[in-house]
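Here's the structure we're looking at; comments come further down.
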Amino acid sequence: MGSTNAQGLCRTMEKITEKLLLEKGTPKTNKLEQVKTLNLSKLGLQLQDLPVKLLSRLQSLERLDLSGNRLQKFPKNLKLPVLFFLDLSDNQMEDVTTLESLSTLEELKMDDNLYITVSDNYKLMVLLPNLRIFNGKDVSTTANHLRFVYSDNLRTRIAAVWEKNFSLPDPVTADKLSDLETKFVSAACKQVKYGPSSVSEFTRWRVGILAIEYLHSLTEPKEDSESKESTDAKDKEVVVTPCKRKQPQPDMDIGVRLSPRKRLRPDPPDSPAGDSPRKSSLRLRLQTQPQTSSCSAKTNGSSSTPTRGGKDAPRAKPKTHQSKANEAKPKERSGKQDGRASHLEKDCYTMPLFKTSSRMQQPVSLKPLHVLQCHSKQDSSEDFTTQLWACAFHPALDSSDSGGGSRLVATCGGDSVCVIDCETGMVMKKYKVPGEEFFSLAWSTVLMSRGSKASAQPCAVLAAGGKRGLVKLIHPRNNLAYGEFRASRKALSVLRFHRQKENFLFTGSYDNKIVMWDIGGIDSQYNFKVVQLLALESRTTPLHICLPPTSNNLLLVACEDGLFCYNTQLGTSSTTKSRSMDMEITFPIYEKEDEDHEYHTVDGMSFLNDDLVASKNYMHSCIYLWSWSRTVAQRPDRKSRKVCAVIVAELQWAKTDIPYLALNTCPGRGYIVCGDEKGRIWTYHAANLQKNGYQTGKPIPPTDVLEWPAPRRKGLGSLEGPSINSVAMDPELTYMVALSDKNMVIIWKKEECS
């Protein structure tokens, strides 16, 4: 009997051994460093049974199941660098702060822990910067609110406590600082009251941490833990190509505008949520023109540019209607700083474009495949007036297919959003909102939870918005418009998702605002929550939004009156306030402005790679290619906050006075493309640009100009080339899709080399 007890005691003291870990882990291996999944559930484990030194060897561990044990804490110093799933359900957990070392954790289960409170749940969301799924539910929205908005409100109150009651000792000594810290933290925890009483314990805990950070920021400003926290939490930011917009109304006089427009949109009426169908299952019969294979275009140079809603589009007249006060504005803006721009232009053509792979060295040959009318009013084949405004390809859902192209493209215009199969030309889904006019759309990938026992899975969602100021959220795979939220009382001009923080959505609107939202994820019942994170102020309407690939917190916004850079870092004291621009980027063409030519409108912009940006200015017959890194490395003028773009090349483009014609890039293939007002697509291949070299004042001609395919209407002959309002390419440039102002979607396909 005694021998048996001794053996049992021995087993208890050595519950976790290397042999056991290898037995319980997968894949089967003889090295702990190769174990990716480990199941240690229902072993009666307590804290002392978890040997930190041994478990720390699990450097590849991704999933850990510790459910059904007797743990009150997690080993405090245990670091598992790639762990993203942890199951601690059915334990006796009391102290959740010991989980802080698991910074990569994305999914955590804590069900059936009797002593865990709502405050503990909130602590976990702050301590674990990547936590998205908690007890089977997507908590991204709540977590980001706590990390940024809630914390910012606490910081404001903490600063007020300091200003009212405290000051730094003179001289500053370690003993005095230690005593001051104790008193300040104690006072802040007592005086700062915020949030519901049910989470008061969480608030006191958070105030204690933030008060220490605040005091340290006063004595060690370079070690600002607030900035570090916000940078860690918001560590990724990149760019998606901007979509087009700008829609006039048929019977309005554009002459009174200070900036050129294709057509004016009036202030949209507010619409109730009920205008949007909860589910859209309409399928459209394909309106394909039979003659789509011809590559010959109408090139007669006719000035009968497509009409917009019955009125001729503006030519070169918009600026003649400006007031004298506004005529002087361009000269003010092209002062000292723009003089620097022309100086830089002389030596900026020496930088190599970029390194091209063997695949990128090969030019792509495209042929027209389909011409569709899928946004017609009442599905009429006679509708050639509905303007189409934005298109974007379906995103890759995982890393395995990120290099391949997608056949599905979303398009919007009029009162509908369509999802089209580029290969077959079939409209797979159609979403219609009577009375709406969609101007922009954007794809993203968010997590969809499927119940407590199933892990959340990524799903592609589509956001679309227009003149009503509402963002519609659509899950095309299930043919469901699952929700909407009001982003503005004015029309929306542009939507853009964050490439890394996929649930962060930027909206630009006609009230001259850019707002960053967290739309969170969705559950199996399509419940979701939207939180506003940040507001940015603009002087005019934002037209394009880009997030530079190499910058975590900067945002490029192309507007009616120029190109501006904003800081979008969360976690600062100004997060909940409207921010103005940090910097304006100017261009050499500004020096040529006069009463009849105002070039400040940047109506096209997209990144070609991590550094090079392609952009164009209204009425300028060239596309600028410029270096982002060299531009922002300059010190902006103190008063105007201006820097001049470091130009790498000028690309020859069409001479036109029609604004908002499409520009886009395909980084994977090294292509820049831009439509014109005659239905043509101008293409520029990076390899060709490098061969031609760069000479100041000599724009580089296009690699190719794809002529308008001139489809034929039955019994009415061929259609003249329309203005190209938007263009998009899949990552491999297998397909290119162009949208026109005459209700036509043109799909081009790459020709295989013979």
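Okay, here's what the table says:
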{"read-out": "Residue under evaluation Met93, criteria (1) crowded, with 18+ Cβ neighbours inside 10 Å; (2) closer than 18 Å to Lys123 by Cα; (3) at pLDDT 95 or above, criterion not met", "value": "(3)"}
{"read-out": "Number of positions in region 622-638 that are small (Gly, Ala, Ser) and touching a Leu at 6+ places or on another chain (Cβ under 8 Å)", "value": "1"}
{"read-out": "Test for Lys655: is it closer than 20 Å to Glu537 by Cβ, assigned to a loop (DSSP other than H, G, I, E, B) and not polar (S, T, N, Q)", "value": "no"}
{"read-out": "Selection status of Asn664, in contact with a helix residue (DSSP H, G or I) (Cβ under 9 Å, 6 or more places away or on another chain), buried (at least 20 other Cβ atoms within 10 Å of the Cβ) and under 25 Å from Cys418 (Cα atoms)", "value": "no"}
{"read-out": "Odd one out for Thr665, checked against (1) of a type in the set (S, T, N, Q); (2) in a loop (DSSP other than H, G, I, E, B); (3) closer than 27 Å to Ser740 by Cα", "value": "(2)"}
{"read-out": "Residue count for region 431-457, restricted to those that are in a strand (DSSP E or B) and either of a type in the set (Val, Ile, Thr) or over 24 Å from the mean Cα position of the chain (by Cα) (or both)", "value": "3"}
{"read-out": "Filtered residue count, region 20-44, keeping only those that are open to solvent by 60 Å² or more (accessible area, probe 1.4 Å) and either in a helix (DSSP H, G or I) or in contact with a Lys or Arg (Cβ under 9 Å, 6 or more places away or on another chain) (or both)", "value": "9"}
{"read-out": "Residue that is open to solvent by 30 Å² or more (accessible area, probe 1.4 Å) and closer than 27 Å to Leu408 by Cβ, where the choices are Val471, Val530, Val461, Val494", "value": "Val530"}
{"read-out": "Flag for Ala481 being of a type in the set (A, V, I, L, M, F, W, C), crowded, with 18+ Cβ neighbours inside 10 Å and either in contact (Cβ under 8 Å) with a residue 40 or more places away in the chain or closer than 20 Å to Trp628 by Cα (or both)", "value": "yes"}
{"read-out": "Matching residues in region 718-750 - criterion: being more than 21 Å from the chain's Cα centre (by Cα) and open to solvent by 20 Å² or more (accessible area, probe 1.4 Å)", "value": "Ser718, Glu720, Thr734, Lys742, Lys749, Lys750"}
{"read-out": "Residues that are open to solvent by 40 Å² or more (accessible area, probe 1.4 Å) and either of a type in the set (Lys, Arg) or closer than 23 Å to Val727 by Cα (or both), drawn from region 588-608", "value": "Lys592"}
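The values are calculated or read from the model by the stated rules, or taken from the named source; none is laboratory data. Predicted model only: the values in this text are computed from it and were never measured. Quick reminder, even Gly has a Cβ in these numbers, built from the backbone with ideal geometry, and neighbours come from all protein chains shown. Surface accessibility is based on the protein's heavy atoms, side chains included, excluding ligands, DNA and RNA. Shrake-Rupley method; radii C 1.70, N 1.55, O 1.52, S 1.80 Å.
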